[in-house]
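J.: Please find one structure pasted underneath; my questions will follow.
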Amino acid sequence: MTTVTWYGHACIGIESGGYHILVDPFLRDNPAATIKPDQVKADFILVSHGHGDHVGDTVEIAKKQDALVISNFEVANWLSKQGVRTHPQHIGGGFHHPFGYLKLTQAVHGSALPDGSYGGNPAGFLLYTADGKKIYLACDTGLFGDMRLIGEEGIDLAALPIGDNFTMGPLDALKAVKLINPQIVLPIHYNTWDLIAQDVNAWKKQVEAETKTKVVVLKPGESVNLS
Ligand code: NI
Ligand code: MN
């Protein structure tokens, strides 16, 4: 079984095949998070881009748990200089990790690192788990038409930002659902701050009225099982 947990903002935990995969671990300074960096398990950490609300507590968690950090080449290089074990990949490239096949996808966004270093291009993640599930994490991005190609894979769960201002807002995220056609969509990157406040239940109603996709609204710390 594969379990997906939302820790608030863009931080997601995936448990699959006995591995804990932590995505964009922004916890300590995340006003929505219900756990601290030392309370989360990570064998692998995926970092989508260089912004502070995504790199977050990566260095602290990775060092403490000896987790392998997977990110684009530039972000991985920046993290490895801080003593973290990394595996660099880049957009369009996939690799067979112990937990499944992971591909970096395009994201329309920025990626400067917290100290101003160049963070390369931002990415999303497409994960094919060992138990046959396909998970698309769009991460921070605007809408782009090639989400349709990702949808051709037959996505079980897509995590999409709906917060607007920095990423897709509710209307573009609805268009994204129509391009991807996932079984389940998990809305993320909203309500962390007033700037990205959204009525997620109104969005759920609209998506479920216009598509066949089920919208799973989680509170930080809650999980959904893909069985
Ligand atoms: Ni960002
Ligand atoms: Mn962000």
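The values are calculated or read from the model by the stated rules, or taken from the named source; none is laboratory data. What you are looking at is a predicted structure, and each value in this text was computed from that prediction instead of being measured. Don't worry about glycine lacking a Cβ; one is built from the backbone with ideal geometry, like all the others, and counts go over all protein chains shown.
J.: Just give me the residues in region 172-227 being modelled with pLDDT under 95 and of a type outside the set (Ser, Thr, Tyr), in sequence order.
T.: Scanning region 172-227 gives no hits.
J.: Which of the strands (runs of 3 or more DSSP E) found entirely inside region 36-141 contain at least 3 residues meeting this: under 16 Å from the mean Cα position of the chain (by Cα)?
T.: 44-46, 68-72, 100-106, 123-129, 134-137
J.: Quick check on region 45-67. Is at least one of its residues within 14 Å of ligand 1 (Cβ to nearest atom), of a type in the set (Ser, Thr, Tyr), in contact with a Cys (Cβ under 9 Å, 6 or more places away or on another chain) and modelled with pLDDT of 95 or more?
T.: Scanning region 45-67 turns up at least one residue that is within 14 Å of ligand 1 (Cβ to nearest atom), of a type in the set (Ser, Thr, Tyr), in contact with a Cys (Cβ under 9 Å, 6 or more places away or on another chain) and modelled with pLDDT of 95 or more.
J.: Checking Asn165 against (1) surrounded by 16 or more Cβ atoms within 10 Å (Cβ to Cβ); (2) in contact with a helix residue (DSSP H, G or I) (Cβ under 8 Å, 6 or more places away or on another chain), which single condition isn't satisfied?
T.: That leaves (1) as the condition not met.
J.: Pairs please, first residue from region 135-158 and under 10 Å from Ile180 (Cβ atoms), second anywhere and within 16 Å of ligand 1 (Cβ to nearest atom) and at pLDDT below 95, Cβ atoms under 8 Å, 6+ apart in sequence or on different chains.
T.: Close Cβ pairs (under 8 Å, with a partner that is within 16 Å of ligand 1 (Cβ to nearest atom) and at pLDDT below 95) do not exist here.
J.: Output the residues belonging to region 2-31 that are in a loop (DSSP other than H, G, I, E, B), more than 15 Å from ligand 1 (Cβ to nearest atom) and out of contact with any Lys or Arg (no Cβ under 9 Å at 6 or more places or on another chain).
T.: Correct list: Tyr7, Gly17, Gly18, Pro31.
J.: Would you mention how many residues in region 31-64 are within 15 Å of ligand 2 (Cβ to nearest atom) and surrounded by fewer than 22 Cβ atoms within 10 Å (Cβ to Cβ)?
T.: Adding up the residues that qualify gives 4.
J.: Continuing with the same structure: Against the conditions (1) out of contact with any Ser or Thr (no Cβ under 9 Å at 6 or more places or on another chain); (2) in contact (Cβ under 8 Å) with a residue 24 or more places away in the chain; (3) over 25 Å from Ile155 (Cα atoms), where does Gly94 fall short? Just the number, please.
T.: (3)
J.: Right, another one. How many residues does region 142-162 contain that are within 17 Å of the chain's Cα centre (by Cα) and in a loop (DSSP other than H, G, I, E, B)?
T.: 6
J.: A follow-up question, please. Whether any residue in region 158-166 is at pLDDT 95 or above, within 16 Å of ligand 2 (Cβ to nearest atom), more than 20 Å from Gly100 (Cα to Cα) and of a type in the set (D, E, K, R) is what I want to check.
T.: Checking region 158-166: at least one residue is at pLDDT 95 or above, within 16 Å of ligand 2 (Cβ to nearest atom), more than 20 Å from Gly100 (Cα to Cα) and of a type in the set (D, E, K, R).
J.: What number of residues within region 107-153 satisfy the criterion of being at positive phi, surrounded by fewer than 18 Cβ atoms within 10 Å (Cβ to Cβ) and either in contact with a strand residue (DSSP E or B) (Cβ under 6 Å, 6 or more places away or on another chain) or modelled with pLDDT under 95 (or both)?
T.: Number satisfying all stated conditions: 0.
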